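Inspection log for the structure reproduced underneath, given as C-alpha cells.
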Amino acid sequence: MLINKAGQYDVIVVGGGLSGMHAAIESSRHGARVAIISKKKTGKSGASVVSKSIHRFSPKDPSFKRTYQNKALEAGRFVNDRALMEVLIDNGSDSVENLLSYLPKLHLNKNSLDYLLSSNTAYHNPKKGIFLTSKIREYIENLASISIHDGFTGVEIMTKNNSVCGLIVENNNELQYFSAKCIILATGGYAYIYRETSTTNDETGDGIAMALRKGLQLTDMEFVQFYPYRVVSPAIHDIFPNLFSEGAIFLNEKNERFMADFPKQELENRDILAREIFKQKEVFLNIDNCPLSYLLRESPEL
Ligand SMILES: Cc1cc2nc3c(=O)[nH]c(=O)nc-3n(C[C@H](O)[C@H](O)[C@H](O)COP(=O)(O)OP(=O)(O)OC[C@H]3O[C@@H](n4cnc5c(N)ncnc54)[C@H](O)[C@@H]3O)c2cc1C
C-alpha cells in the first residue's frame, strides 16, 4: 500500500481539544515545530467545547496544599492516584493561569483558598467551553511553528527500534504519514460508546486504542463520570442540580423516593447518585412541588 509522506515535525499532537491545543502551545514555546492532527475542527470539537467552567483548581500557596489535598482525597473516595494528584496540586494553578495568559481578556474569578474551597468555579462562561477553545484556536493560528490539520484522523503510531517515529493518519479515505520523534495523544475520552451521552461524537477512545495497540499500559479505565441529571423520555433533556433545591425529587417504579435517606438526597455527589439511579428499575423525575414561576424561568422545556 502506498502511503504519502505528508510532513515532518518535532512534535505531533493528536487531538484538537483543550489538552491538545495547550500541549501544542507549550511544545512550540520550547522551540518545537508542531503539527496538530485533529479528527474534527481544532478548537471547535471534543468535550472541551461543551464544558462550561474551569472548576476548583489547586491553590498556589504551599500552605494551602494539605487542606486542598484532603478535599481532593475525600472527593476521590480515597482511591485517587496519589502521584497524579500531586502533579495536579503542584502544577494546576500555574497551568490554568498560563493557559489564560494567552487570552488577556479572560480572567479567573478569584484565587484565594476560601474562594476555591467554597465555590466550584474559577472561570465560567455560559456560552460553554467553545468560547474558550475558539479563542485559543485563534491564538494558535498566529503561531508560525504550529500547523493545524483538521479532518485528519490519527490511526496508528509508528515505531522504529522501540522509539516513536511517526503517525499514520486518514484523510478523505487516504492514508498519510507524518513523521516526528514525539507524539502526544490528546484524543479525549470514550464516553460516546454509551447509548445516552452528552459528550461529542468524536469521543470514541481512538488515542487510547492506539496506545493499547502499541502495548502501552492503560490505567484507571473504569473511572467514568456519569452526570446523573438527564431526562431521556419523552425527550432528551439535561436538567441542572438547582432544580432539586426547588422541590424536584426522584421516584422509582414503586413510587419510592430512593434518595430520601442520603444526607444530600437528590443533590448527592454524582457518583453516589448515579449508582443509586442505576440500581432502580425505572426512575421518574417528579416536579409537582417546584414553583411554576421557577420552572417557566429556568426549565420551560420541562
Ligand atoms: C457535557 C460535558 C460537560 C463538561 N463540563 C465540564 C466543566 O464544566 N468543567 C470541566 O473542567 N470539565 C468539564 N467536562 C470535562 C471536560 O470537558 C474534558 O475533561 C476536557 O474537555 C477534555 O479535553 P481534551 O482536550 O482532553 O479532550 P477533548 O476536548 O474531548 O478533545 C479531543 C480531541 O481529539 C480529537 N480526536 C479524537 N479522536 C481522534 C483521532 N483518532 N485523531 C485525531 N483527532 C482525534 C477530537 O476531534 C477532539 O478535537 C465536561 C464534559 C462534558 C462531556
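Name the residues in the range 226-246 that are more than 17 Å from E301 (Cα to Cα) and in contact (Cβ under 8 Å) with a residue 40 or more places away in the chain, would you?
F226, Y227, P228
Yes/no matrix, rows are residues, columns are (1) within 9 Å of the ligand (Cβ to nearest atom); (2) touching a residue at least 12 places away in the same chain (Cβ under 8 Å); (3) outside any strand (DSSP E or B); (4) over 27 Å from G129 (Cβ atoms):
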{"position": "L143", "(1), (2), (3), (4)": "no, yes, yes, no"}
{"position": "T159", "(1), (2), (3), (4)": "no, yes, no, yes"}
{"position": "I183", "(1), (2), (3), (4)": "no, yes, no, no"}
{"position": "E196", "(1), (2), (3), (4)": "no, yes, yes, no"}
{"position": "T199", "(1), (2), (3), (4)": "yes, yes, yes, no"}
Looking at the range 6-22 only, could you name the residues that are over 17 Å from K41 (Cβ atoms) and either among the acidic types (D, E) or at pLDDT 95 or above (or both)? Q8, Y9, D10, V11, I12
Provide a single number: the residues in the range 273-283 that are farther than 21 Å from P234 by Cα and open to solvent by less than 40 Å² (accessible area, probe 1.4 Å). 2
If we keep only residues of the range 168-181 that are of a type outside the set (A, V, I, L, M, F, W, C) and assigned to a loop (DSSP other than H, G, I, E, B), then the residue nearest to M221 (Cα to Cα) is K181
Among residues belonging to the range 36-51 that are among the small types (G, A, S) and in contact with an Asp or Glu (Cβ under 9 Å, 6 or more places away or on another chain), point out the one that is nearest to D150 (Cα to Cα). S38
If you check D220, D261, which single one turns out to be in contact (Cβ under 8 Å) with a residue 40 or more places away in the chain, farther than 20 Å from E196 by Cβ and not in a helix (DSSP H, G or I)? D220
Taking the options V232, V224, name whichever one is hydrophobic (A, V, I, L, M, F, W, C), within 16 Å of the ligand (Cβ to nearest atom) and touching an Asp or Glu at 6+ places or on another chain (Cβ under 8 Å). V232
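Yes/no per residue for (1) free of Cβ contacts under 8 Å to residues at least 12 places away in the same chain; (2) open to solvent by less than 60 Å² (accessible area, probe 1.4 Å); (3) within 13 Å of the ligand (Cβ to nearest atom); (4) under 20 Å from the mean Cα position of the chain (by Cα):
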residue	(1), (2), (3), (4)
V14	no, yes, yes, yes
A24	no, yes, yes, yes
K71	no, no, no, no
D81	no, no, no, yes
I89	no, yes, no, yes
S93	no, yes, no, yes
Would you check if there is a residue in the range 233-256 being of a type outside the set (G, A, S), part of a strand (DSSP E or B) and surrounded by fewer than 16 Cβ atoms within 10 Å (Cβ to Cβ)? yes
What is the number of the single condition among (1) within 15 Å of R137 (Cα to Cα); (2) surrounded by 19 or more Cβ atoms within 10 Å (Cβ to Cβ) that K41 does not meet? (2)
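The values are calculated or read from the model by the stated rules, or taken from the named source; none is laboratory data. Everything quoted here is computed from the prediction, not taken from an experiment. All Cβ positions, glycine included, derive from the backbone under ideal geometry; neighbour counts span all protein chains shown. Keep in mind that these areas ignore ligands, DNA and RNA; they rest on the heavy atoms of the full protein, side chains included. Shrake-Rupley method; radii C 1.70, N 1.55, O 1.52, S 1.80 Å.
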